[in-house]
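A.B. asks: Questions regarding the structure given below will be posed in turn.
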Amino acid sequence: MILFPPAKINLGLHILNKRKDGFHELETAMIPIPFTDILEILPAETFEFKQTGLPIPGMTENNLCVKAYLLMKERFKIPPVYIHLRKIIPMGGGLGGGSADAAYILNGINSLFNLNLSISTLEDLASELGSDCPFFIQNTAQLAKGRGEILSKIPIHLEGYYLKLVNIGIHVGTKEAYDGAVFSSSPKSISEIINLPISQWKNELTNDFEKTVFSIHPELAKLKQALYDDGAIYAAMSGSGSTLFGIYKNEPSSMFSKQANIMEFNLKW
């Protein structure tokens, strides 16, 4: 079985408050984008995890793919599998690649062993692995609340628009992004704002992580402005950073330096 876990971008992100459990209360709209890792899952005699592509720091047992398999093994007594993750989505870029990989392990094992688990059950399992993981169980645009696990489908109409991603290799850790986080002062909710014309998003749709991350990495603020200078009708940082993205009505130009990792996609939502 070969799967393609996608990256995501956040259309706005409001940090509402800090909860008693230590997590932050959030509101954000997320959409999957056609930029993927590659994940192979096969039945095996003994469990094996192999990772190629971009290097992932840390011990193998801490990889979310391994944790996802062990969670499924504990709950459903499944046999061993061979997992090969080809890592393409950069880490620490706010694109959710690790969360997508974990969610697709859950989906893949559910399908491979005919467990017939419901979407809600898979989302509950995914929430044990990380706040963004439940989003990737369903490959669709969703509004996320709570710490990211309270999901509802939303209509996003971006068909025919162009998306440009720019990543200059800065790794922004979640803790770094939350340190000094400024709570949202927006009078409107994300769900209200995304129903406005896209031409109004520039002044209405904000990512609260930008205040902290841009103060630490001012070059990212310059990249956001460069996307607007390039003709984007909306530009923002995705998640807790550091990838910047621009949404364009017309095909964007190529004006960024060779040091930047640039990806362009046609949107279908």
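A.B. asks: If you wrap a convex hull around the Cα atoms of region 15-72, how much volume per residue is inside, in Å³?
C.D. replies: Roughly 172 Å³ of hull volume per residue.
A.B. asks: Moving on. Cα atoms only, the chain: Rg and Dmax in Å?
C.D. replies: 18.4, 56
A.B. asks: Once phi is turned into ³J(HN,Hα) by the Karplus curve 6.51 cos²θ - 1.76 cosθ + 1.60 with θ = phi - 60°, what whole-Hz value does each residue of region 184-191 show in order, with x for glycine and proline?
C.D. replies: 4, 10, 5, x, 10, 7, 4, 4
A.B. asks: Once both labels are modelled 7 Å past Cα along the beta-carbon direction, what's the LYS20-HIS157 spacing in nm?
C.D. replies: Simple spin-label model gives 4.3 nm for this pair.
A.B. asks: What does DSSP give for the chain in terms of the percent of beta bridges that are antiparallel, rounded to the nearest 5? Intermediate values should be presented prior to the final figure.
C.D. replies: Working: 43 of 50 bridges.
If we restrict to bridges inside the chain, about 85 percent are antiparallel.
A.B. asks: Further, regarding this structure: As a footprinting exposure proxy, order THR52, THR243 by other Cβ within 10 Å, with the fewest listed first. Numbers along the way, then the final one.
C.D. replies: On the way: THR52 11, THR243 27.
By the 10 Å Cβ count, ascending: THR52, THR243.
A.B. asks: If r is the Cβ-Cβ distance from ASN116 to GLU192 and R0 is 41 Å, what FRET efficiency results, to the nearest 0.05?
C.D. replies: Efficiency, rounded to the nearest 0.05: 0.60.
A.B. asks: Run the paramagnetic zone check for LEU54: 7 angstrom along Cα to Cβ, then residues of region 217-251 with backbone nitrogen under 15 Å.
C.D. replies: Counting only backbone N, you get 238-245.
A.B. asks: Summing -39500 (n - 2.57) over the DSSP H runs of n ≥ 4 in the chain and dividing by its residue number, what mean residue ellipticity at 222 nm do you reach, to the nearest 500 deg cm²/dmol?
C.D. replies: Taking each H run of at least 4 residues, the total per residue is -7500 deg cm²/dmol.
A.B. asks: Please arrange VAL182, VAL166 by counting, for each residue, the other beta carbons lying within 10 Å of its beta carbon, fewest first.
C.D. replies: Fewest-to-most ranking of VAL182, VAL166: VAL182, VAL166.
A.B. asks: Sorting TYR161, TYR228, TYR69 on the 10 Å Cβ count, fewest up front, what's the list?
C.D. replies: Exposure proxy ranking, most exposed first: TYR228, TYR161, TYR69.
A.B. asks: Additional query: In a Gaussian network model over the chain where Cα atoms closer than 10 Å are linked, find which of GLY94, GLY246, GLY169 has the largest mean-square fluctuation.
C.D. replies: With Cα springs under 10 Å in the chain, the top fluctuation among GLY94, GLY246, GLY169 is at GLY169.
A.B. asks: I need the phi-derived Karplus couplings for region 146-162: 6.51 cos²θ - 1.76 cosθ + 1.60, θ = phi - 60°, integer Hz, Gly and Pro marked x.
C.D. replies: For region 146-162, the Karplus-derived couplings read x, 8, x, 9, 8, 10, 8, 5, 9, x, 10, 10, 10, 4, x, 7, 10 Hz, x marking Gly and Pro.
A.B. asks: ILE150 to ASN203: FRET efficiency via 1/(1 + (r/R0)^6), r the Cβ-Cβ distance, R0 25 Å, to the nearest 0.05?
C.D. replies: Approximately 0.35, to the nearest 0.05.
A.B. asks: Can you tally the lysine pairs in region 172-254 where the Cα-Cα distance is under 18 Å and the two residues are eight or more apart, or on different chains?
C.D. replies: For region 172-254, qualifying lysine pairs total 9.
A.B. asks: Show me, bin by bin at 10 Å from 0, the whole-percent P(r) of region 162-266 based on Cα pairs.
C.D. replies: The calculated distribution, bin by bin, is 15, 46, 34, 6.
A.B. asks: Quick one: if the Förster radius is 30 Å, what FRET efficiency do ILE2 and LYS67 give, using the C-beta to C-beta distance and rounding to 0.05?
C.D. replies: In this case the efficiency is close to 0.90.
A.B. asks: Taking only Cα atoms and a 10 Å spring cutoff, compute GNM fluctuations for the chain and point out the largest among GLU123, GLU48, GLU74.
C.D. replies: Looking only at GLU123, GLU48, GLU74, the largest GNM fluctuation is found for GLU74.
A.B. asks: Further question: Taking θ = phi - 60°, what integer Hz values does the Karplus form 6.51 cos²θ - 1.76 cosθ + 1.60 yield along region 125-134, in sequence order, with x for Gly and Pro?
C.D. replies: 5, 4, 5, 6, 9, x, 5, 8, 4, x
Computed from the coordinates by the stated procedures, all read-outs in this text should not be read as laboratory data. Everything numeric in this text was worked out from a predicted model, so none of it was measured. Ideal geometry is used to build each Cβ from the backbone, glycine not excepted, and the neighbour counts take in all protein chains shown.
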